[in-house]
1. Based on Cα positions only, what radius of gyration and what Dmax would you give for the chain, in angstroms?
2. Using the basic label-point model (7 angstrom from Cα toward the beta carbon), what is the R47 to D66 distance in nanometres?
3. Which is farthest toward the positive dipole end of region 5-218 among I115, L181, P80, measuring Cα position about the Cα centre, with Cβ charges +1 (Lys, Arg) and -1 (Asp, Glu)?
4. Taking amide H atoms as placed 1.01 Å from N in the peptide plane, list the residues 5 or more away in sequence, or in a different chain, whose amide H sits under 5 Å from that of G185.
5. For T76, enumerate residues with amide H under 5 Å from its amide H, sequence gap 5+ or separate chain, H modeled in the peptide plane.
6. Work out how much length Q25 to R206 would gain on full extension: take 0.36 nm times their residue separation and subtract the Cα-Cα distance, in nm to one decimal.
7. Below 13 angstrom from the Cβ of A63, what's the summed charge of the other residues (Lys, Arg +1; Asp, Glu -1)?
8. Which longest uninterrupted range of the chain lacks any chymotrypsin sites (Phe, Trp or Tyr not before Pro) assigned by DSSP to a loop state (not H, G, I, E or B) and surrounded by at most 10 other Cβ atoms within 10 Å?
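Since every read-out is calculated from the coordinates, none of them should be taken as a lab result. Because the structure is a prediction, the values reported are computed rather than measured. FYI the Cβ positions are ideal-geometry reconstructions off the backbone, even for glycines, and counts take in every protein chain you see.
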Amino acid sequence: MIKTAAVLLLAILPVAPDEYDRQRQEMVDDQIADRRISDSATLHAMRTVPRHLFVPPHSVDDAYDDRPLPIGYGQTISQPYIVAYMTELLKPQADHRVLEIGTGSGYQAAVLAEIVDTVYTIEIITELENAAAERLKKLGYKNVKVKNADGYYGWEEYSPFDAIVVTAAAEYIPPPLIAQLKDGGRMVIPVGSPFFVQTLMLVEKRGEDITTESLIPVRFVPFKRAN
Ligand code: SAH
């Protein structure tokens, strides 16, 4: 009798928490550190944030795969490598205030929140914004502020930002975002037509001087506009 109960209990127990931790360390070793991401703060953040708690329940066991995953409403959580690459490009520092456009699941915001002082993140889809805000709160991320709005206009009130990251593909770089970037600041944004391959761009601001650099081909969901 006791034996049967024990077997039953084992069968209904979810995967042990350390199993996800093991998968996460493997993800960083095989998909990220191996692909020349070397910033120690970025690697540490990727080793820490429980990605499996940012995906829908039916995708939990795929959370550490080398690919993006659907998060509902036609949106996706980016591939882990892309999150790490964009994070490293921002050169995030402990005293930074960072703006993200496209909160989605809140995963990229959490990764940044492990490193910087405050993350301000904007999501245009109300349901995703609500879910991400609740998730981040539950996980104890007190240094992330989430807002439901069209991120095209940035978040003037808290500008200028040390860094800006956009996680949806825009046809062009929204001028308000350039305006809200600090002198010496960095912005990473996928630019190009929706549904085609886009280019990940690094934008740097030095005084009046704006420089852009094309990095790698990427595929992101489209940057929407509020009607
Ligand atoms: N950074 C997210 C990835 C989300 S995918 C993560 O880590 O999970 C991109 C998100 O950008 C989608 O949720 C989409 O709804 C949102 N988005 C698209 N256009 C937007 C806009 N103009 N303002 C704010 N969010 C936008």
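1. 18.4, 77
2. Placing both labels 7 Å beyond Cα along the Cβ direction yields 2.1 nm.
3. In region 5-218, that residue is I115.
4. Sorted by chain and number, the residues that satisfy this are K205.
5. I71
6. On the way: separation 181, 0.36 × 181 = 65.16 nm, distance 3.73 nm.
Full extension from Q25 to R206 adds 61.4 nm.
7. Values: positive: R22, R24, R51, R67; negative: E19, D21, E26, D61, D62, D65, D66.
Neighbourhood net charge equals -3.
8. So the longest stretch without any such site is 1-171.
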